[in-house]
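Taking it in order: structure first as structure tokens, then the write-up.
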Amino acid sequence: MAEGAEGGDSGWLVDMVIGFMRSPTWNTPLTQFINDKCILFDNFQEENKHEYVEVHNEFKALVDDLLAAHLVEVDILPEDFEKQVVESGLTEDPRMAQVMSQLRAAEDFLVFKQMMIDHHAGMQAQAEANLKDTAAWEASQREDEAV
């Protein structure tokens with residue numbers, strides 16, 4: 001398999017990674033972890049709490065476990081996978097952006113922290129938008145009842 005990656009034929013690798021990153025066995029645990037844990041990242045300042053490092057270690061373990069499980073299915077060692085991804089230039093492939101950002105977040109605490117802060121901020125913005133929509137709907141209902 002390494003020959004194909006070195007020869008520039010990385011299509012099988014892209015297909016495999018895109019396949020597992022779209023699967024519920026990859027997405028569900030990662031999405032649930034990020035949704036559950038991002039609320040801990042309430043400090044949008046530069047401070048790095050010890051708790052953040054612990055959560056990052058949990059995320060890293062989750063990503064490592066999920067990656068290993070998916071690679072076992074196709075009989076590739078994680079070290080071989082990493083080597084093939086790097087050698088084939090897939091780290092810069094736009095089709096791989098989602099999974100590469102997750103892998104980078106697992107390896108780099110600052111990338112992870114920013115991902116969690118961004119997700120938390122996005123959830124807060126969505127909650128605020130939902131509250132405004134609900135308030136507007138309730139106001140329109142009261143106006144309808146008054147008429």
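The values are calculated or read from the model by the stated rules, or taken from the named source; none is laboratory data. Treat the numbers as computed from the prediction; the structure is a model and nothing was measured. Cβ: placed from backbone, ideal geometry, glycine included. Neighbour counts: every protein chain shown. The protein model used for the area step is the full one, side chains on, heavy atoms only, and it has no ligands, DNA or RNA in it. Shrake-Rupley method; radii C 1.70, N 1.55, O 1.52, S 1.80 Å.
If R0 is 35 Å, the Cβ-Cβ spacing of ASP118 and GLN141 corresponds to a FRET efficiency of close to 0.50. If you take all other residues with their beta carbon under 14 Å from the beta carbon of LEU62, and give Lys and Arg +1 and Asp and Glu -1, the sum is -4.
Remark: relative contact order (the chain) = 34 percent; criterion is Cα-Cα distance under 8 angstrom and separation of 6 or more residues. Largest accessible area first, the listed residues ILE39, ILE117 line up as ILE39, ILE117 when surface is computed with a 1.4 Å probe on the assembled protein chains.
For the chain, the solvent-accessible area with a 1.4 angstrom probe is 62 square angstrom per residue. Placing a pseudo-label 7 Å from each Cα along the Cα-to-Cβ vector at GLU54 and GLU82 gives an inter-label distance of 2.7 nm.
What the phi angles of the stretch 130-146 give under the Karplus curve with 6.51, -1.76 and 1.60, with θ = phi - 60°, is a coupling list of 5, 5, 4, 4, 5, 4, 5, 5, 5, 5, 5, 5, 5, 5, 5, 5, 6 Hz, glycine and proline written as x. If you line up the long axis of helix 50-73 against the longest principal axis of the chain, both from Cα atoms, how many degrees apart are they, to the nearest 10? The helix 50-73 is inclined about 50 degrees to the chain. Straight Cα distances below 23 angstrom link LYS49 to the lysines LYS37, LYS60, LYS113, with same-chain residues fewer than 8 positions distant left out. For the chain, the longest principal axis of the C-alpha atoms and the axis of helix 97-107 are separated by about 80°. Across the stretch 60-141, Cα pairs under 8 Å and at least six residues apart give a relative contact order of 21 percent.
Counting only Cβ charges, +1 for Lys and Arg and -1 for Asp and Glu, the dipole size of the chain around its Cα centre is about 240 debye.
Note on the chain: with neighbouring protein chains present and a 1.4 Å probe, carbon and sulfur make up 54 percent of its accessible heavy-atom surface.
Across the chain, the fraction of Cα-Cα pairs farther apart than 21 Å, rounded to a whole number, is 55%. With a 1.4 Å probe rolled over the protein heavy atoms of all chains, the accessible area of HIS120, HIS50 falls in the order HIS50, HIS120, largest first.
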